[in-house]
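The values are calculated or read from the model by the stated rules, or taken from the named source; none is laboratory data. Not measured: the values here are computed from a predicted model. Neighbour counts run over all protein chains shown; Cβ positions are idealised from the backbone, glycine included.
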Amino acid sequence: MPSWTDSLRFAFQPVVNLTTGGVAGLEILARPETGDILAEARRDPELDGRLAVSAVRAAARHETLLPLYVNVFAGTLADLGGLTSLHDAVREAGRLPWEVTVDICPPYTHVPQRALLEAVHAVREQGFRICADGIGDGDVPLRLLTDMAPDLVKLDAALLARPAAVRAMRTLCDELGALLSVEGVETELQCGAALAAGAQLAQGELFAPPARLPAADVYVPPRSPGLVAVPRSGPSVREFVRPAALLPATASAGQVRALLTGSPEVSGVLLVDRAGVPVRSVHRSRFLLSMSGRYGHALYADRPAAKLGDTPRTVGIDATAWEVLDVVAVGGRDRTSDDVAVVDRHGRCVGVVRLADLVRALAESRVEEAAGLNPLTRLPGSDAITGEVDRRIAAGRVFALSWLDVDHFKQVNDGAGFAAGDELIRAVGRALQQAAVGATRVGHIGGDDFLVLTDPEGLDPLASSVLDAPWSAGGRPVTLSLATVLCAPGSVMDHRDAAAGLAPLKKAAKALRGASWVLGRAGLSGFEIRRGAEDASAPAGLAVAEPGGG
């Protein structure tokens with residue numbers, strides 16, 4: 001009698017790193033030639049489990065070194081309580097469990113949540129990584145998603161039409177320590193939307209369709225300059241993680257040589273212990289040079305490869321690109337080209353980063369940043385500040401956005417000359433930079449106008465530093481006006497809302513005599529006068545508090 005496996009084939013679809021353009025892994029997709037075995041597997045957990053095992057064996061036949069993504073229905077996990085047979089199949093294929101991500105697929109309706117969470121814990125304890133699949137188009141409850149604490153969240157591409165939802169999911173992923181991926185990407189427009197919303201990974205027909213053989217190359221659209229604003233603290237190392245070539249710590253030099261000669265794209269091999277923790281790093285060029293020397297093969301082939309390796313350089317998954325450069329900078333120059341191992345909170349290897357990827361990205365961010373600097377003050381323009389405003393809104397952070405300018409600046413230029421006016425603007429810019437501490441960002445948006453983004457606790461020191469200083473231009477005394485809008489989580493939708501809330505406060509500040517500071521709260525009417533004296537031109541219809549009001 002024919003077996004169900006006789007008509008079953010598997011296809012491979014790359015999961016692409018949107019930052020490096022490299023393949024981060026392969027999702028294994030069942031492709032039955034007859035019948036609907038997936039519908040049967042949804043109803044039969046044992047069958048679904050056998051499909052997962054068959055998928056791993058199919059990948060092993062192609063000897064791919066890439067991480068694998070294996071689909072399993074949520075009901076299967078809850079019913080089986082784990083995937084022991086999959087764990088055994090992975091070991092038999094010569095792979096390590098942490099190289100395999102279990103994509104948990106909907107439906108979740110009627111799946112016992114406690115049993116599912118216990119199974120997820122068991123699978124994670126076996127060493128597998130966890131992916132929540134079908135988010136946005138499936139039925140996974142948000143509370144269950146957070147309780148699962150997946151390593152990866154896959155969104156349906158249809159959600160890209162709602163960028164606020166994707167940005168919110170990126171924020172949730174950051175809190176959970178997960179990566180965000182979009183599946184089903186078919187157009188360059190969707191790819192750009194995924195990047196702009198903060199997705200780190202993607203897959204779909206645009207990059208490479210599912211194929212019987214693992215794809216060696218994928219198409220990634222050119223990245224538009226400035227598409228994704230880079231925080232000053234540096235991009236996260238998560239954006240640059242490449243698959244690692246892993247072998248057990250007990251591997252012989254001959255095994256490492258076979259891997260390297262058969263995979264020219266591999267720049268090095270990490271030797272890991274049974275828990276997946278890197279113990280030695282084998283650099284391709286140095287290793288092959290040792291093996292190709294006189295008597296090299298005879299001396300080393302059967303000896304442990306660890307003898308020809310170095311202490312691995314490691315960074316945590318939450319590190320920034322700058323922190324990776326700090327790790328690379330420590331040690332001899334002969335190791336600057338070594339891959340840096342990226343490890344999770346358990347110390348297990350999740351991939352590697354290459355120095356070239358980091359340098360390229362950081363150089364591009366500096367070029368873009370320099371292009372946006374105001375030539376007079378060398379401060380960034382409004383785009384840098386508004387981009388950071390949007391990030392803080394997405395992160396649910398309270399912040400204060402302030403506008404500052406010189407009172408009657410045209411009269412300053414007319415009376416003291418433009419050179420004195422320019423020098424005054426440069427001095428104000430320097431004072432703001434010196435007062436900017438912690439998360440404070442200062443921008444020069446043109447003329448005598450400045451934007452300042454800070455946490456609420458940084459407002460008073462910043463205001464004092466610029467409003468209490470004796471300003472002058474060409475011997476003429478000058479005063480400044482400051483307007484601030486405090487934005488609590490949920491009070492504004494984006495930077496445009498924040499700017500709209502700032503506009504009437506600016507007008508109110510300019511209506512006061514002397515150095516002035518007006519503070520309001522987004523979504524609420526009225527304002528507080530922190531500095532300055534009222535006069536008859538104060539805006540009508542606004543409640544005015546006494547100076548020093550909290």
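Out of (1) on the phi < 0 side of the Ramachandran plot; (2) part of a loop (DSSP other than H, G, I, E, B), what's the single condition that is false for H110?
(1)
Can you pull out the residues in region 172-209 that are surrounded by fewer than 18 Cβ atoms within 10 Å (Cβ to Cβ) and in a loop (DSSP other than H, G, I, E, B)?
Within region 172-209, G177, E186, T187, E205, P209 meet the criteria.
Looking at E27 and the list (1) in contact with a strand residue (DSSP E or B) (Cβ under 6 Å, 6 or more places away or on another chain); (2) among the charged types (D, E, K, R); (3) without any contact (Cβ under 8 Å) to a residue 40 or more places away in the chain, which single condition is not satisfied?
Unmet condition: (3).
Among the residues of region 283-296, are any modelled with pLDDT of 80 or more, in contact with a Ser or Thr (Cβ under 6 Å, 6 or more places away or on another chain) and closer than 22 Å to A24 by Cβ?
Yes, region 283-296 contains a residue that is modelled with pLDDT of 80 or more, in contact with a Ser or Thr (Cβ under 6 Å, 6 or more places away or on another chain) and closer than 22 Å to A24 by Cβ.
Considering only residues of region 391-404 that are touching a Lys or Arg at 6+ places or on another chain (Cβ under 8 Å) and at pLDDT 85 or above, which is surrounded by the fewest Cβ atoms within 10 Å (Cβ to Cβ)?
Checking each candidate, the answer is W403.
More than 25 Å from R345 (Cα to Cα), assigned to a helix (DSSP H, G or I) and assigned by TED's automatic domain parsing to the domain that holds D156, is that true of A30?
Judged against the criteria, A30 is not a match.
Considering every residue within region 54-69, establish whether at least one is surrounded by 22 or more Cβ atoms within 10 Å (Cβ to Cβ) and over 30 Å from the mean Cα position of the chain (by Cα).
Looking for residues that are surrounded by 22 or more Cβ atoms within 10 Å (Cβ to Cβ) and over 30 Å from the mean Cα position of the chain (by Cα), one finds none in region 54-69, hence no.
Among the residues of region 199-215, count how many are modelled with pLDDT under 85 and not aliphatic (A, V, I, L, M).
Qualifying residue count for the region: 1.
Residue under question is G351, and the condition is that it be modelled with pLDDT of 90 or more and more than 25 Å from S516 (Cβ to Cβ); does it hold?
It is true that G351 is modelled with pLDDT of 90 or more and more than 25 Å from S516 (Cβ to Cβ).
Residue check: is L142 closer than 18 Å to Y108 by Cβ and over 13 Å from the mean Cα position of the chain (by Cα)?
Yes: the conditions hold for L142.
So G82 ticks every box in (1) assigned to a helix (DSSP H, G or I); (2) closer than 23 Å to D147 by Cα; (3) over 26 Å from the mean Cα position of the chain (by Cα) but one. Which box is left unticked?
Result: G82 fails condition (1) only.
Output the residue which, of all residues in region 405-426 that are among the small types (G, A, S) and surrounded by 15 or more Cβ atoms within 10 Å (Cβ to Cβ), is nearest to L376 (Cα to Cα).
My answer is G421.
Filter region 454-494 for residues that are among the charged types (D, E, K, R) and more than 31 Å from the chain's Cα centre (by Cα); which is modelled with the lowest pLDDT?
Ranking the qualifying residues of region 454-494, first place goes to R476.
Among (1) within 23 Å of M148 (Cβ to Cβ); (2) in a helix (DSSP H, G or I); (3) not aliphatic (A, V, I, L, M), where does D88 come up short?
Condition not satisfied by D88: (1).
Looking at (1) part of a helix (DSSP H, G or I); (2) under 26 Å from R345 (Cα atoms), which one does I104 not meet, given that it meets all the others?
Unmet for I104, out of (1) part of a helix (DSSP H, G or I); (2) under 26 Å from R345 (Cα atoms): (1).
Which is at pLDDT below 90, within 27 Å of G25 (Cβ to Cβ), more than 18 Å from the chain's Cα centre (by Cα) and not assigned by TED's automatic domain parsing to the domain that holds W98, of P312, P278, P264?
Answer to the check: P264.
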